[in-house]
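The block underneath contains the structure these notes are about, expressed in structure tokens.
Bear in mind that the values in this text are calculations on the coordinates, not laboratory data. All values reported here derive from a predicted model rather than from experimental measurement. Here the Cβ positions follow ideal geometry from the backbone for every residue, glycine too, while neighbour counts run over all protein chains shown.
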């Protein structure tokens, strides 16, 4: 490969050096000291020549040597290192123009609201803004509380976008949702994502299982969902922690975790955690324990059918 002309190499070197000094301004001081030593050396050499003084020649030599050492130090410390084979990855910018416009509109609306000449109104706006600030603080940590109409929308979105796996539990109060249109939409979301789905139906005792529950579990088995059954009162080896709901969903091994706070018509609420390492570790253990101490639906159904 042909080498670039020497002038181009020198220009590139000076550009790299200038970029390094710009990124590390503290080293400009060293560079300045090097220049001063160089000027001192030149001055001493000129004086030594005129006066024919050997001591001044020594000072000139020391000044030039010091300037050389300082210059080499600056170049060695400041010149940026480059490795074209492994460039530094850039942080992805996921804020699009629509999001920027939305955030700007929120800012402008609040700003305009605070211009009204009504102290009571302004105080109410500031109080609501403080509440919104606290909520967005949770968002920034990957935590989102969903209430009522957002509960189903977000649940379907996470199921549909799952890439590898879904692990979820289901409790008796949710059976009505499985028998309706929303239950079919969940199954369709699973099929669309193609992720492996494990769903564990949680009952207190075996007497709590109804024919309706068996039919729901059979429908999901036919949809290629791995269905299991867990009876909490019969288990002596595993119990749900008191601070964890027994209705939860884990997407892609903890990339997203949804925990139901309440269920029912108009009362469904859940908290979602996105890429939370603490929640991820905790729910991985829960999923492992539930998988170990639950039983396959097919095995349960054989006994169910035999008991009729």
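Things to note:
- Highest to lowest packing among 233-244, 185-196, scored as the average C-beta count within 10 Å: 185-196, 233-244
- Site pair residue 303 and residue 196 shows an inter-label distance of 2.6 nm when each label is modelled 7 Å from Cα along Cα→Cβ.
- Alpha-carbon gyration tensor eigenvalues x 5, square-rooted, for the range 148-307, Å: 23, 19, 16
- Span from the the range 104-133 Cα centroid across to the the range 233-251 one, whole angstrom: 43 Å
- Extension gain, residue 261 to residue 243: 0.36 nm times the residue separation minus the Cα-Cα distance gives 5.4 nm.
- Cβ-Cβ FRET estimate between residue 132 and residue 173, R0 fixed at 30 Å, reported to 0.05: 0.40
- Cβ-Cβ FRET estimate between residue 101 and residue 278, R0 fixed at 45 Å, reported to 0.05: 0.85
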